[in-house]
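Take a look at this one; I'll ask things after.
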Amino acid sequence: METIEGVMDMQQVAEDYRLKGKSIGLVPTMGALHEGHRSLIRRCRAESDVVIMSLFVNPAQFHRRDDLERYPRDLEGDSRMACTAGVDIIFAPTAAGVYPDGYRTYVTVDQLTDRWEGASRPGHFRGVATVCTKLFTICRPHRAYFGQKDYQQSLVVRRLVADLNLGLEIVVLPTVREPDGLAMSSRNVLLGPEARRQARVLSQALFQALEAVRSGERDAGLLAAGIEAHIRVVPLAVVDYVGVCNPETLEPLHEIAGKAVAVVAASFGSTRLIDNMILEP
Ligand code: AMP
């Protein structure tokens, strides 16, 4: 496994692999790797000749400075995990390498980014869309792997790849969870023991909504209210949003007729978590 820091170096290496006819898979991450990341790497390894994992805590997608500063970092542990998981190249650029002096170009995806994470974190998806576009043009992947855990992000990335004719396939893989159901996240290490215990209500509320849909509940408003009530039972939870919405547009639904997605965000103490669940009758 090699680690590449330089943007031009990475682009050259990727171009050389392409010229040799090798298929390139990219797993974009912000590091502090866990089993969720590992599942993306595993699938990428199975489907690609060359596995690139980018590791970049992208300042452009953090709208709060304290969140950026608090974000967990563990380059040594990440390198070990990436190596055992089968990564060929870690691309770990610096912020100045990605956004050099004079940088002025940003990618925005309309409508899809208006609600939920987009509304709660102004500028977040502009940062995500910009860095993903750059990672795609630097690493030149045939496929890039994302987690359903960040559901809205996966829609935004699919949209920009289609709209800008970037010519790669986006693969979205299921959310990997802890034994108690909590979605794995780099931010989970920031939870204190009591917040960690209480945080399992997020997934419990979503699984309960799924059960309700399977038992015949079709009223999306009632489902969203049920999820919110379930989360509010624990004292540390501060709900940011709960939505039961169209899985393509993320517009809130009145009624469950086909596939829907429930999206939630809540803070437990000072740590904000998100989760989601596909609801299918
Ligand atoms: P991050 O490092 O948090 O930016 O995440 C990098 C990629 O891993 C994103 O595509 C995430 O959606 C994905 N990911 C994060 N957590 C999980 C999880 N628990 N299960 C599956 N994928 C995940």
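Is it the case that T137 is of a type in the set (S, T, Y), more than 16 Å from the ligand (Cβ to nearest atom) and in a helix (DSSP H, G or I)?
Working: of a type in the set (S, T, Y): yes; more than 16 Å from the ligand (Cβ to nearest atom): yes; in a helix (DSSP H, G or I): yes.
For T137, the condition - of a type in the set (S, T, Y), more than 16 Å from the ligand (Cβ to nearest atom) and in a helix (DSSP H, G or I) - is met.
Taking C44 as meeting all but one of (1) surrounded by fewer than 23 Cβ atoms within 10 Å (Cβ to Cβ); (2) in a helix (DSSP H, G or I); (3) within 16 Å of the ligand (Cβ to nearest atom), write down the number of the exception.
Every listed condition holds for C44 apart from (1).
Given the structure, is A82 in contact (Cβ under 8 Å) with a residue 60 or more places away in the chain and either over 19 Å from G31 (Cβ atoms) or outside any helix (DSSP H, G or I) (or both)? Break it down stepwise before answering.
Values: in contact (Cβ under 8 Å) with a residue 60 or more places away in the chain: yes; either over 19 Å from G31 (Cβ atoms) or outside any helix (DSSP H, G or I) (or both): no.
Judged against the criteria, A82 is not a match.
Do you know which of the residues in the range 177-203 that are within 16 Å of the ligand (Cβ to nearest atom) and part of a helix (DSSP H, G or I) is farthest from R18 (Cα to Cα)? Let's see the steps before the verdict.
Here is the first cut: in the range 177-203, the ones within 16 Å of the ligand (Cβ to nearest atom) are 177-191, 196, 199-200, 202-203.
Those left that are additionally part of a helix (DSSP H, G or I): 186-190, 196, 202-203.
On the way: S186: 32, R187: 35, N188: 37, V189: 38, L190: 40, R196: 44, L202: 43, S203: 41 Å.
Step by step, filter the range 177-203, then rank; the result is R196.
Scan the range 101-113 and give yes if some residue there is outside any helix (DSSP H, G or I), hydrophobic (A, V, I, L, M, F, W, C), at pLDDT 95 or above and on the phi > 0 side of the Ramachandran plot, otherwise no. Even if it seems obvious, please write down each step before you answer.
Within the range 101-113, the subset outside any helix (DSSP H, G or I) is 101-113.
Now restrict to residues that are hydrophobic (A, V, I, L, M, F, W, C): 107, 109, 112.
Adding the requirement that they be at pLDDT 95 or above leaves 107, 109, 112.
Checking the rest, the ones that are also on the phi > 0 side of the Ramachandran plot come to none.
No, there is no match, as no residue in the range 101-113 is outside any helix (DSSP H, G or I), hydrophobic (A, V, I, L, M, F, W, C), at pLDDT 95 or above and on the phi > 0 side of the Ramachandran plot.
Kindly indicate the residue of the range 108-138 that is in contact (Cβ under 8 Å) with a residue 40 or more places away in the chain and touching a Leu at 6+ places or on another chain (Cβ under 6 Å) and also surrounded by the fewest Cβ atoms within 10 Å (Cβ to Cβ) among those meeting that condition.
R115
Can you name the condition, by its number, that L210 falls short on among (1) among the hydrophobic types (A, V, I, L, M, F, W, C); (2) buried (at least 18 other Cβ atoms within 10 Å of the Cβ); (3) in a helix (DSSP H, G or I)?
The failed condition is (2).
Okay, residues lined up against (1) away from the ligand (no atom under 11 Å from the Cβ); (2) surrounded by fewer than 18 Cβ atoms within 10 Å (Cβ to Cβ); (3) closer than 16 Å to I278 by Cβ:
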{"residue": "Y145", "(1), (2), (3)": "no, no, no"}
{"residue": "V157", "(1), (2), (3)": "no, no, no"}
{"residue": "A162", "(1), (2), (3)": "yes, yes, no"}
{"residue": "T175", "(1), (2), (3)": "no, no, yes"}
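So that you can scan it fast, the table gives a plain yes or no per residue for (1) in a loop (DSSP other than H, G, I, E, B); (2) surrounded by fewer than 16 Cβ atoms within 10 Å (Cβ to Cβ); (3) more than 16 Å from the ligand (Cβ to nearest atom):
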| residue | (1), (2), (3) |
| --- | --- |
| M8 | no, yes, yes |
| A14 | no, no, yes |
| Y17 | no, no, yes |
| G21 | yes, yes, yes |
| V27 | no, no, no |
| G31 | yes, no, no |
| R38 | no, no, no |
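The values are calculated or read from the model by the stated rules, or taken from the named source; none is laboratory data. From a predicted model like this one, the values you see are computed outputs, not experimental measurements. Please note: Cβ atoms are built from the backbone with ideal geometry, for glycine as well, and neighbour counts cover all protein chains shown.
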